[in-house]
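The values are calculated or read from the model by the stated rules, or taken from the named source; none is laboratory data. Small disclaimer: the values here were computed from a predicted structure and weren't measured. With ideal geometry, Cβ positions are generated from the backbone for all residues, glycine too; neighbour counts draw on all protein chains shown.
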Amino acid sequence: MDRFEIRGGTRLAGRLTIKGSKNAALPLLAAALLTDEAVTLRDVPDIADIGNMERLLAEVGCSVARQRAGDLEEAGGVFTVKATDLSACHARYDIVRTMRASICVLGPMLARRGYAKVSMPGGCSIGERPVDMHLRGLEALGADITLDAGDIIARIPRAHGKAGRLRGARVFLGGPFGSTVLGTANVMSAATLAEGTTVIECAACEPEIVNLADLLNAMGARIEGAGSPRITVHGVARLGGADLRVIPDRIEAGTYMCAAAITGGDLTLDNCPVDALMAHMDLLRHAGVTFVFDASGDPMRATCRVSMERGPLGGRGLRPVQATTQPHPGFPTDLQAQLMAVLCLAEGNSVITERIFTERFLHVAELSRMGAQLFRQGPTVIVSGVRSLRGAPVMASDLRASACLVLAGLAAEGVTTVNRVYHLDRGYERMDERLCSLGAQIERISDREEATLGAPGGVA
């Protein structure tokens, strides 16, 4: 199991290209199950979750051709997916347990094949994330849903002895913490092949949903309103192939913005989706970070310079802020941990409230090991800024907490060891190498290397 050893205190400076979005690419790849023709996606990131989705698609009867990017700073690789075996309808636990986004094959497989069997998904330990909204949405379209031995089994009832189709309906996807992104993706994808018109109320407004709607429309679907709380889908009889570019990863971009802030750095981010990061950038701007970008072209693929001036006493000059996570276009929960790392060094008291995943605070204890002053009360953490953090061994609990601890390590005095960075590899492509290209001092150490070094006759 790999870990990072980070020697902190280095100011980051340089240029990075933001990779394609993990959270967009996964449902886009799943959408290939809706057609027998080839679907090509460009700028797909080379990360563990994409590899898991590639194996899952092969498991359910798809051929996948993958061309990786030739350079570390290219936006991503190219995937071509073609469904070849419509009888393979079981997404098994062995693969699904590795990532929650596996659930997004349920709607496409059901709509195209009339049957889907998907293991209940796994993923990060950030609190309860039930799939009931997915299932209620598909039931509203006419699917029969049962649960058996940890599997979700979805069927379209046969009509007059023949394979039936889903039926258009009005579907409400609101919940106690807002809309569901993957639930919206599942229902919207399934509705493209339903008879009649589907109206999804309280739909997720995230840019990843817009990217998925763009692909589905390119395949021949008729979707209106993506990016708003009401999406209308006019069902069609069949879908064809398409070729689409994945949007840049707004969470990766936001993480590197935090890296510039916490190290007093100066980074230029190419292919940066500033249009999808206004809430995050506004908070960082209030904390003292400077942004310079030109969004007159495509604001989802801008060039953005992110810099942090030193304070009058040589500190980072960060100011405290109050932040509350919200569905898009609000401040995203996937950047909460990274912002908390930055605010550990602000001059005053900050308040962070988590409204999406209320247990998403496992990084609090690990930051405290590094000298952070944090007080949690329910869904709220008060962050009392300290003058410096201290390097320490810490344990990554989930994907975004991993990024938070790496950021803290970049700014800390001494050496920080971040264990279990396989979480990080699920969502960030070669983060250690990319940060080192900006001046960071990070060494990746694996158990295999350590065993070799310690074995008789091993490398000294």
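Observations on the model:
- Yes/no for residue 220 being farther than 25 Å from residue 302 by Cβ, surrounded by fewer than 19 Cβ atoms within 10 Å (Cβ to Cβ) and without any contact (Cβ under 8 Å) to a residue 24 or more places away in the chain: yes
- When residues of the stretch 36-57 are limited to those that are buried (at least 23 other Cβ atoms within 10 Å of the Cβ) and not aliphatic (A, V, I, L, M), the one farthest from residue 220 (Cα to Cα): 45
- Residue, farthest from the chain's Cα centre (by Cα), within the stretch 183-204, restricted to residues that are assigned to a loop (DSSP other than H, G, I, E, B) and buried (at least 22 other Cβ atoms within 10 Å of the Cβ): 194
- Any hit, the stretch 168-182, residues being modelled with pLDDT under 95, touching a helix residue (DSSP H, G or I) at 6+ places or on another chain (Cβ under 6 Å) and in a helix (DSSP H, G or I): yes
- Residue within the stretch 271-284 that is within 19 Å of the chain's Cα centre (by Cα), over 22 Å from residue 321 (Cβ atoms) and not assigned by TED's automatic domain parsing to the domain that holds residue 168 present: yes
- Residue match in the stretch 192-207 (condition: closer than 21 Å to residue 156 by Cα and of a type in the set (Asp, Glu)): yes
- Selection from the stretch 72-92 of residues that are buried (at least 18 other Cβ atoms within 10 Å of the Cβ) and either touching a His at 6+ places or on another chain (Cβ under 7 Å) or more than 22 Å from residue 116 (Cα to Cα) (or both): 75, 76, 77, 79
- With respect to (1) surrounded by 22 or more Cβ atoms within 10 Å (Cβ to Cβ); (2) not in a strand (DSSP E or B), the lone exception for residue 152 is condition (2).
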